[in-house]
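Report on one structure; see the data block that follows.
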Amino acid sequence: MEILLICFYVLFACSVIVAGSEQDSAEKEDTGNKMNTKKEREAVYDRHTKVQDVINDPAFGSYGRLIFPVDIQIDNSLELEDVEEILPWYSEVNPDKTVEIANYMKNQATRDEQIFYDIYTDEEKAADPEKEETGLFFFRGDPGEKFAVLNAGGGFMYVAGMQDSFPHALELSKKGYNAFALIYRPGAQTACEDLSKAIAFISDHAEELQVDPDDYSLWGGSAGARMAAWVGTYGTSAFGEKEYPAPTAVIMQYTGLSEITGEEPPTYACVGTSDGIASYQTMSTRINRIKANGTNAEIEIFKGLSHGFGLGEGTAAEGWLDHAVEFWENNMG
């Protein structure tokens, strides 16, 4: 009898050990699957992903076409690592940043986070079909934090968001700020109308978007910098909207705008000495004139850099965005 009891206990103990081992293995496998799923979710695209595959990804619905320039013909074979080919006048395009942005958008969209907002109603778009090619890509920061609107350049011929606004918006969101990258109708007048509409949309929907409408900033590179400066100086009412508060700061990259009115908001500017499109001397002169009017203004000039360097990663300009954010923060109420 004692022998039978001993055998029973031995068998029972072995079964417990085996079951525990199987459970541990299952848990490890489940954890591994979750980690793999997360990794796959975070890295859907790579350098060799076709641009057209991103545009036509079902996750983006009808707005996928606006991620890349709608006014530039895009070859079906173009890969993300070669996006510079469809961004005329731009330099220092970082393929890894392009891939990061595309994956960020995909991840947000598949998590049911709204990343794109129309700024015009269906009626407004029906009356002017060109307004179909507009909208805001939202790079979320902390709920209730202040916002920035970023305007890419492109010579008022196309919108270079993947180099001139999306990277900046992503970095601002990492700092906790809510950043909106505007896709606008090329053309100086229409672009400023769209920017003014964007400011109106964000301000009127601030509670829904969970943003602080006060002390916002306008950012832009090249033609986008002109937009930010014009709307910041002349106000939204000059471009078809009611009057909204002026921005706390205008952040400008590489544009040769020279005019001033004396009504400019605090302005930060940066440019390279080898920019054949935007003269650093012209930009420096304008900043000095703004300062002479008693308004806070700064400029950074980077030796050897050409036009359209974006974030300037790995160049003399690396870190300029941090300085621009500090300038914005120093001018907040």
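Across every pair of different alpha-carbon atoms, what Kirkwood hydrodynamic radius in Å does region 191-254 reach? Before the final figure, lay out the partial values.
Details: mean 1/r = 0.0856 Å⁻¹.
Over region 191-254, the inverse of the mean reciprocal pair distance is 11.7 Å.
Return the loop-located GluC sites (Glu not before Pro) in region 164-246 (DSSP other than H, G, I, E, B) with at most 12 other Cβ atoms within 10 Å of their own Cβ; answer none if there are none.
Working: sites: GLU171, GLU193, GLU207, GLU208, GLU241, GLU243; in loops: GLU241, GLU243.
Those satisfying the criteria are GLU243.
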Exercise. Between the helical axis of 188-204 and the dominant principal axis of the chain, each derived from Cα atoms, what acute angle in degrees is found, rounded to the nearest 10?
Worked result: 50 degrees
Seminar exercise, completed: The answer for trypsin sites (Lys or Arg not before Pro) in region 101-134 that fall in a DSSP coil and have at most 10 neighbouring Cβ atoms within 10 Å is ARG111
Exercise. Taking 0.36 nm per residue of separation and subtracting the Cα-Cα distance, what length does fully extending GLU123 through GLU81 add?
Worked result: 11.3 nm
Seminar exercise, completed: Zone reached by a paramagnetic label modelled 7 Å from MET157 Cα along Cα→Cβ, restricted to region 81-104 with backbone N below 13 Å, covers 86-90
Problem set entry | Distance violations [Cα-Cα > 31 Å] among LYS125/LYS174; LYS50/LYS131; LYS175/LYS303 | LYS125/LYS174
Problem set entry | Partner aspartates and glutamates for LYS97 [C-alpha distance under 16 Å; skip if fewer than 8 residues away on the same chain] | GLU42, ASP46, GLU79, GLU81, ASP82, GLU84, GLU85, ASP164, GLU171, GLU313, GLU318
Exercise. Considering the chain as a Gaussian network with a 10 Å cut-off on Cα pairs, which listed residue, ASN94, ASN178, ASN76, attains the greatest mean-square fluctuation?
Worked result: ASN76
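So how much slack lies between THR273 and ASP142, counting 0.36 nm per residue of separation and subtracting their Cα-Cα distance, in nm?
Values: separation 131, 0.36 × 131 = 47.16 nm, distance 3.62 nm.
Using 0.36 nm per residue and subtracting the Cα-Cα distance, I get 43.5 nm.
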Exercise. By how many nm would the segment from SER258 to LYS175 lengthen if fully extended, with 0.36 nm per residue of separation less the alpha-carbon distance?
Worked result: 26.7 nm
Problem set entry | Spin-label model distance (nm) - ASP204 vs GLN281, 7 Å beyond Cα toward Cβ | 4.6 nm
Exercise. Out of [x] 136; [y] 158; [z] 186, which label holds the value of volume of the Cα convex hull per residue in Å³ that was computed here?
Worked result: [z]
Exercise. Based on the alpha carbon coordinates of region 185-321, what radius of gyration and maximum Cα-Cα distance (Dmax) apply, in Å?
Worked result: 15.1, 44
For this session: Please determine, in degrees from 0 to 90 and to the nearest 10, the orientation of helix 95-110 with respect to the longest principal axis defined by the Cα atoms of the chain, where the helix direction is its Cα long axis.
Result: 70 degrees
Problem set entry | Fraction in percent of alpha-carbon pairs per bin - 10 Å, region 53-188 | 12, 43, 37, 8, 0
Exercise. What GluC sites (Glu not before Pro) does region 265-327 have in DSSP loop regions with at most 16 other beta carbons within 10 Å?
Worked result: GLU313, GLU318
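Per the helix-only calculation at 222 nm, which mean residue ellipticity applies to the chain, given -39500 (n - 2.57) for every DSSP H run of n ≥ 4 and division by its residues, nearest 500 deg cm²/dmol?
Details: 11 runs with 138 residues, N = 333.
Calculated at 222 nm, the ellipticity per residue is -13000 deg cm²/dmol.
Contact order normalised by length for the chain, with contacts defined as Cα pairs under 8 Å and 6 or more residues apart; what percent is it?
Working: 618 pairs, mean separation 42.6, N = 333.
Over the chain, the number comes to 13 percent.
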For this session: For the chain, set up a Gaussian network in which alpha carbons nearer than 10 Å are linked by springs, and say which option among ALA127, ALA223, ALA109 fluctuates the most.
Result: ALA127
For this session: Quick one: angle between helix 320-330 and the longest Cα principal axis of the chain, in degrees between 0 and 90, rounded to 10, please.
Result: 70 degrees
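Readers should treat all values here as calculations from the given coordinates under stated rules, not as data from a laboratory. Everything quoted here is computed from the prediction, not taken from an experiment. FYI the Cβ positions are ideal-geometry reconstructions off the backbone, even for glycines, and counts take in every protein chain you see.
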